[in-house]
Amino acid sequence: MRLPDSVTGSFLVVLGAAAAYGGWILPPVPGQPVGPNVFPLVIGCGLALCGLAIVFGVGRSFEEEEELIPFEDGQAAAPPPQSKLYGMRALLPPALLLFYVAAADRLGFIVTAAIMVYVTSTALGAKWKLALPLAVLSPFAIHLIFGKLLRVPLPAGLLPAPW
Amino acid sequence: MLKTLLDAFALISTWEVIIAMIAASVYGLVIGSLPGLSATMATALLVPVTFYLSPIAAIATIVAASSMAIFSGDIPGALLRIPGTPASAAYADEAYAMTRKGQAELALGAGVWFSAVGGIAGVLSLMILAPPLAEIALSFSTFEYFWLALLGLMCATLVARSSPVKAIAGMFIGLLVACIGIENPGGVPRFTFGLTDLFGGIEPIPALVGVFAVAQVMRAMLTPEPPPLPRRKFGSIMAGQWKLTKLYRWQMTRGNIVGIIIGVLPGAGADMAAWVSYAMSKRFSKEPEKFGTGHVEGLVEAGASNNASIASGWVPSLLFGIPGDTIAAIAIGVLYMKGLNPGPTLFTEKASSMYAIYLMFIIANILMIPLGIAMIRVATYILLAPRSAIMPIIMLCCAVGSFAIGNNMFGVVTVAAFGVIGYVMEANGYPVAAMVLGIVMGTMVEQAFVTSLIKSDGSILPFFERPVAAILAAMAIGALLWPVMVWVWRKVKQPQTAAATSR
């Protein structure tokens, strides 16, 4: 997900300008020169300036390239396949969290959590021999800690916890 | 004074606190030792649990878990050359070189022992520095608070190991996030886009969990699994540590002091302390050529440094609500929740609670020695746990924990969103620590800024009129201009080196 500086910089310019404009149109407090509009205005302008500086490469000389520690003794890890789809895997965790938001109330905590665990585990390369027991057991363990001990109202849904 | 101390003892000698502390210690040791799970993440995932504890027990868990995790990160660093937490990255190579020389016990023992010593030095600094600073802080007006907060934010951008422009941009993003909601000078919905969930603003804790935990799981999706740990038997771990202490007492003291100073600086935490101390150790060593070949000197100094910064990071947090590092940023959230609002009056009104915090830090650092030794011995088994078994559990904890903070699903959405934001920022060289400080301090900065502007009738001059404010302002502006000066210095020097190497 390494994007060129010109892309992230331009995005910041747009974001900053939007924030400044958003602050500008906020209603002021009557009879008061400074209100809720000042701070977003200042920040928006600052952000836009930073974005411009990044587009023009100011401060790039300060960046340190990330050092990858090489493995020794020929245990070099296989180079990850560099396809477009492979990069998309990073989006799996947030997607699963959104799935939790959407499904937890209907399916209940246990079922939703089991699906989340199974998918994450498999995506990280676990065989079903590990992923399946993990998906069955860990939701109950988490429910025991958070639902029973800490009294977080976790949704029951299809399969209520046995306690 | 004595009565306060006794009160503090009474506060911490309850079963709840003792159990919470031991459990959090074990938890911190395990999380810290697993590569890819940082001390900040350990603390962030702990927050939902602290909701259900008494204030002192809640702080006890954070104190214990963070101290232990910083030490525990040394273990995989020494055994696998993969630092368990970023704070151990500075000397992971050195420690691994020692292991290859057959001195794993000495390296890990130095990790435990000098971490504990450093931690206690950090607490002493907290005890000595905080009360006099609280006296000074009582006379602060909004002008001073504004500059102090700005100085804090600027320090955070200065120490980031990245482009200062990107760090400042990260800070602005954080401040912008803090703008969301109706908690602003006019009480109008700001940047809420009509969503009622956003009226209360973005809660810092789910944002932190997202940035530090979800983003880490996202990175794990794309990085190869670390190699398994070769099994080994350890000899005596503490043998020879006292000799090292006597031999390297100056290095140790210097490490402690550097760690304390870096911890107090807002935004700079244990990882920075370790890097600086390791570099200093090499620079001032009598035998710098031994560094990198498995020499314990740098380990002593950096180990003493990173743990010292953990405790001293609480100084600005307790006094001003300005976090000394990302862990303290989380701690501040918990302090507010538990009615221990940071500020100078905390030291007069809740003195026994303050003493309790000191005591807990000391106990945690003493506890670190036996628990740390036990952890080193079982580390081989814990590190056997595959990443595909740990990350799913982390995911569940993120989902449930962020839900538990407000008992609403919007917390989970926040976590997911900030996971993506943190991941993208990190991948493109924008330091997330700067954004985190922006989020945590945003409301405070705005309040100080707007109140000051109202008091001064829109004029900028009063911002510099009070002596302390003027000094803080000069420091904040200096911090802003520092990278520019470094850049100019490099430009001046470059023509000569360029001519010499003729590239």
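Readers should treat all values here as calculations from the given coordinates under stated rules, not as data from a laboratory. Keep in mind that this is a model prediction, so the values were computed, not measured. Because the Cβ atoms are built from the backbone with ideal geometry, glycine has one as well, and the counts that use them run over all protein chains shown.
When a/c is below 1.5 the answer is rounded, else prolate if a/b is larger than b/c, else oblate, so apply that to segment B:277-416 with a ≥ b ≥ c taken from the square roots of the Cα gyration tensor eigenvalues. Verdict is oblate for segment B:277-416. Of B:R283, B:R490, B:R219, the sequence from fewest to most neighbouring Cβ atoms within 10 angstrom is B:R283, B:R490, B:R219.
Summary of the geometry: segment B:407-484 and segment B:127-158, compared by the centres of their Cα atoms, lie 14 Å apart.
Taking every C-alpha pair closer than 8 Å and separated by at least 6 residues, the mean separation divided by the residue count of chain B gives a relative contact order of 27 percent. Rounded to the nearest whole Hz, the Karplus-based 3J(HN,Hα) values (6.51 cos²θ - 1.76 cosθ + 1.60, θ = phi - 60°) of segment B:344-351 follow the sequence x, 6, 4, 7, 9, 7, 10, 4, with x at glycine and proline.
Which GluC sites (Glu not before Pro) does segment B:393-477 hold that lie in a coil by DSSP with at most 12 other beta carbons within 10 Å? When the GluC sites (Glu not before Pro) of segment B:393-477 are filtered for loop state and at most 12 Cβ neighbours within 10 Å, B:E465 remain. Mean residue ellipticity, 222 nm, helices only, chain B: the sum of -39500 (n - 2.57) across DSSP H runs of n ≥ 4, divided by residue count and rounded to 500, is -24000 deg cm²/dmol.
Using the Cα gyration tensor of the protein assembly as shown, with a ≥ b ≥ c the square roots of its eigenvalues, what is the shape: rounded (a/c below 1.5), prolate (a/b larger than b/c) or oblate (neither)? Rounded, because the longest to shortest axis ratio a/c is under 1.5.
When each of B:M1, B:M435, B:M409, B:M218 is scored by the number of other beta-carbon atoms lying within 10 Å, the sequence from fewest to most is B:M1, B:M409, B:M218, B:M435. In terms of the Cα gyration tensor, with a ≥ b ≥ c the square roots of its eigenvalues, is chain B rounded because a/c is under 1.5, prolate because a/b exceeds b/c, or oblate? Since a/c stays below 1.5, the shape of chain B is classed as rounded.
Note that segment A:1-63 shows a convex hull volume over its alpha carbon atoms of 83 Å³ per residue.
Among B:T142, B:T196, A:T8, B:T43, the ranking by other beta carbons within 10 Å of each residue's beta carbon, starting with the fewest, stands as B:T196, B:T142, A:T8, B:T43.
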